[in-house]
Structure formats: structure tokens, C-alpha cells
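Presented below is the structure to which this report refers.
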Amino acid sequence: MSEKINKSQENNYMEAPRIETPPPGPQARAMLATQKETDSNVISYPHMIPLVPDEGLGATVKDVDGNYYIDLSGGVGVLNVGHSHPEVVEAIKLQCEKACHMLDFPSQARMKLTEKLLALVPGGMKGDSRVFLCGPTGSDAVEAGVKLSKIHSGKPGVISFEGGWHGVTGTGLSATGKKGVRSKCMPVMPEVYIEPYAYCYRCRFGLSYPSCDLQCAKFLEHIVRDPDTPATSPGCVLIEPIQGEGGIVVPPDGYLAEVRRICDEYGLIFIMDEIQTGFGRTGAMFASEHWDITPDLLLVSKTMGGGLPLAAVIIRNQFDTWSPGDHVGTFRGNLLSCASGLASIEVIQKNGLVERSKNLGALALDALKDIAKDSKVIGEVRGKGLFMGLEFVKDKASKEPAPEILQKVVTRCFQRGCILWKSGRWNNVGRMMPALVITEQLLMTAIEIFARELKAVEKEL
Ligand SMILES: Cc1ncc(COP(=O)(O)O)c(C=O)c1O
């Protein structure tokens, strides 16, 4: 029987990190071999780390061979309250006994969640918005948000950003600024204009902030305004407040405000994709709050379902102009997901997890910056709250991306009981986004493991 740290906000396995059998152990190897036979070739995560999980608790995971890990992946944004939070589990059990699926009739679980969401939304959305529970996954929110933009504006065009990630369904794939995922499916949706994001470490214009005077925002204005650009019919801007899959790219102050101004001035709908950054991840309930931005449409998913699949578009009233039936589907607002999502948001609020994300994130970021000073291969450390990235390069002068060095560190960390995740345009950004219930001790232990394994890898270079 595993031992648990039994405080409701810090529910983790006490054993983590503990490696009994070097992973993948015998059980894990057998299951990985079976999976190779049974699952499609398309699955990807076991190629990064051969993890075969048995259970999860908070920010920790136990594998089938009895190894315990500190999990810095946080379910890639799904598990802000951690694996199997007892209050979330209880809410799912209770709802399961009542009903699981009621389409979009106004059942209690659904209504309580939508009321909660409307009380949380950023800035001027409060008191002026409605919720559309639009499906199980983040990509569904992207599809729905862009469709609403097209219906409302009568314009098909979408402006999105280099390095941005909006999923892999039709619209999301088209708007995702990574060639690799689009290239096998061309042609994608037309009238998508992918523009430079404010990625200061690799500024598209070769400039530095703040003397750049936000050239990237100026370029966006040029694309929208001038007659000599490809953007013939833009109706919306689709943007992440901090790019997640793109490598935890935090834009400089003033950038998103400029994007908001451009949307206002040229009549574009501002769609903020907070699918990964929402619900306390960045040390604010929504990352938009860091820069006081009010989106027109807010896309949410991942943690919103508390571990179960759920997605929504939150719409400022003036844009809710589509008609009943314009966007229908079966799995919208699943009641288990609603109950689980509501419980998860209540756990975040009751336990001050937004503040905790901010404070622990600041501590961790300082520690990681110290580590980077002594490293030849970490070009930049960045992040907000418990949403942190370390960009791996061959050397700091050339900034040539070094995904293979990062992969070595990821593998070694895994073997020592720490699950480190990856992101970035070249898969070269180490990503740390643990459940917000992680303890300071577990977080610092994970960072120590990372520092040790990084040193070991650097020695071999
Ligand atoms: C910002 C953002 N938007 C959209 C998506 C797509 O969500 P899903 O994979 O649940 O379809 C993701 C997934 O990582 C994301 O990070």
C-alpha cells in the first residue's frame, strides 16, 4: 500500500521519487511490447519516455513495477489539481450515480459549472459573457470559436502565430504554426495567415526588447492594414497568451495589449486560446490577467474538466450571434466532466492554488536561472507561475536548437524518478508544469534531479 501525504491540498505519494527497478522494468517492458502490437503506430509519448503508469496521486505517479516519479508534466495542463484529487473523485462518483449524459438540457451539474466559469472570466468578460460547452477536447473549442468568428464577422480569415498550437483537427491544424504537423495534410484550410509571435529569444526581426518598439505587433498591424499583404479577409486573431507547445514563450509586456488594440481598430475578433494556460497554471486564474486583456472569445479545456474531457468557448455577449443549431454535436458538456470540472475549480479556489502556482513558480524559476548560468546548453529559462521552459541550444552564441541534448536529459531524469516534459518549435524546450498541488519539497527535489542529470549529460558532450 502506498503512503500518502494526506493534506487535501498536498496529496502526493510520499515515496516519490523512488526507483526500485530501473525503468522500464519487466512489467513495463511487457506492456510496452504489447502496446506496440495493439496500438496504432501514431501514438507518440511512449517514444519520449517508456512510462507505464499504474496510478497517479497529486503531482506523483507510480508505475507498474512499483517505481514512484515526480510528475512535472501535469497531464500537459489537464491536471492542475493533480491526479485523482479526492474531492474530484467524490464529485465524479456522485454525479455518475445521477446521470452522465443529458445533451445540452439545463441540468444542475452543467448550470453550476457555467455559473462558476462566468464568475471567473478575465477582465471585462465578467458580467458580459455566456458559455458554450462545445465538446470534449481543446481542438473542439478552436473549431467552435473560429466558426463563431466566421458566422459573426462574415469573414473567413484567421490570423494565428508561428509556434502556436491549436490542436490537430481541421481548423486547429490549419492555425497551428508548426510545419511538421501540417505538412502531411496539405492543403489545410485556406485564409489562415500565420504571423510572427513575440518570441524575443529568437526575434524574427533581429531586434531586442524594449528597443524593438514591439516590431512584431507593428508587423501584425501592417498585415491587417496594408493592401500589399496576403491577408485578404481576416475576421479574427487566434492567439495563446503564452505559447505552450511552442516552448513556453512569454511575450513581453505591451505585446498582447497591442494585439488587442489592433483587433479593436480593424474590427477583428480577439480569440484567446487559454486551453493550456487557464485555471491557475501561470499564477493567475487566466494568463490574460497578467496583462489585463479582455478577450472577445476565450477558449478553455484541459483542466476545466478536472481530468475528464471538456471544452468550452466563453463568448462576450455581443459576439453570441449564431443561431440555435449552428454548431451541434453529441458529446457537449458531459455531466461527469462538468461535475469533475466544478469540483476541480473549487479545489483550486479553496486551496489558494493560483497563489501557490505564482509563489512556487517564482522560487523554481530562480533556481532554474541559477542552473542555467552554469550550463553551456540552456540558452534561456522563462515562464510564469508553474509554467516553465528551458530552451536547449548547442551553444549560447549560435542558439542552434539542441533537441537531442534535451532528450538525453529527459531520459536520465526519468530513470531517476522525475518526469520532465518537452515542447518548443524544435522540440528543444524542457517543460515543467507540475500539478499545482506539488509541494515545495517535491518541486525542489525534481529540480535537483534535473540539475544533476543536466551536468552528467554536459560532461559527455
Ligand atoms: C493552446 C492549445 N490549444 C489547443 C490545444 C488542442 O487541445 P486538444 O489536444 O485537447 O485537442 C492544445 C493542446 O495541447 C493547446 O495547448
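The values are calculated or read from the model by the stated rules, or taken from the named source; none is laboratory data. As the structure is a prediction and not an experimental result, all values here were calculated from the model. Heads up, the Cβs are rebuilt from the backbone with ideal geometry, glycines too, and the neighbour counts pull from every protein chain shown.
Quick notes on this one:
- Of all residues making up segment 312-334, the number that are under 23 Å from Lys93 (Cβ atoms), crowded, with 20+ Cβ neighbours inside 10 Å and not charged (D, E, K, R): 2
- Here the strands (runs of 3 or more DSSP E) wholly within segment 347-455 that include at least 1 residues being buried (at least 21 other Cβ atoms within 10 Å of the Cβ) and without any contact (Cβ under 8 Å) to a residue 24 or more places away in the chain are 378-383.
- Taken together, Glu115, Glu162, Glu90, Glu97 contain a single residue that is over 30 Å from Thr21 (Cβ atoms) and either within 16 Å of the ligand (Cβ to nearest atom) or among the β-branched types (Val, Ile, Thr) (or both), which is Glu162.
- Within segment 234-265, the residues that satisfy the criterion of being over 12 Å from Lys384 (Cα atoms) and either within 16 Å of the ligand (Cβ to nearest atom) or of a type in the set (Lys, Arg) (or both) are Cys236, Val237, Leu238, Ile239, Glu240, Glu245, Gly246, Gly247, Leu256, Val259, Arg260, Arg261.
Conditions (1) under 27 Å from Leu353 (Cα atoms); (2) modelled with pLDDT of 95 or more, marked per residue:
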position: Leu207; (1), (2): no, yes
position: Cys212; (1), (2): no, yes
position: Ile223; (1), (2): no, yes
position: Pro230; (1), (2): no, no
position: Gly247; (1), (2): yes, yes
position: Ile262; (1), (2): no, yes
position: Ile275; (1), (2): yes, yes
position: Glu289; (1), (2): yes, yes
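- Boolean, Gln95 is among the polar types (S, T, N, Q), in the same structural domain as Thr303 (by TED's automatic domain parsing) and without any contact (Cβ under 8 Å) to a residue 40 or more places away in the chain: no
So that you can scan it fast, the table gives a plain yes or no per residue for (1) in contact with a Cys (Cβ under 6 Å, 6 or more places away or on another chain); (2) at positive phi:
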{"position": "Leu51", "(1), (2)": "no, no"}
{"position": "Gly58", "(1), (2)": "no, yes"}
{"position": "Ile70", "(1), (2)": "yes, no"}
{"position": "Pro86", "(1), (2)": "no, no"}
{"position": "Pro106", "(1), (2)": "no, no"}
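- Where strands (runs of 3 or more DSSP E) sit wholly within segment 1-82, those with at least 3 residues that are at pLDDT below 95 and within 22 Å of Gln441 (Cβ to Cβ) occupy 4-7, 10-13.
- Scan of segment 136-159 for residues that are crowded, with 24+ Cβ neighbours inside 10 Å and near the ligand (Cβ under 9 Å from one of its atoms), ordered by number: Gly138, Asp140, Ala141, Val142
- Selection count where residues are part of a helix (DSSP H, G or I) and either without any contact (Cβ under 8 Å) to a residue 12 or more places away in the chain or within 15 Å of the ligand (Cβ to nearest atom) (or both), scope segment 266-307: 6
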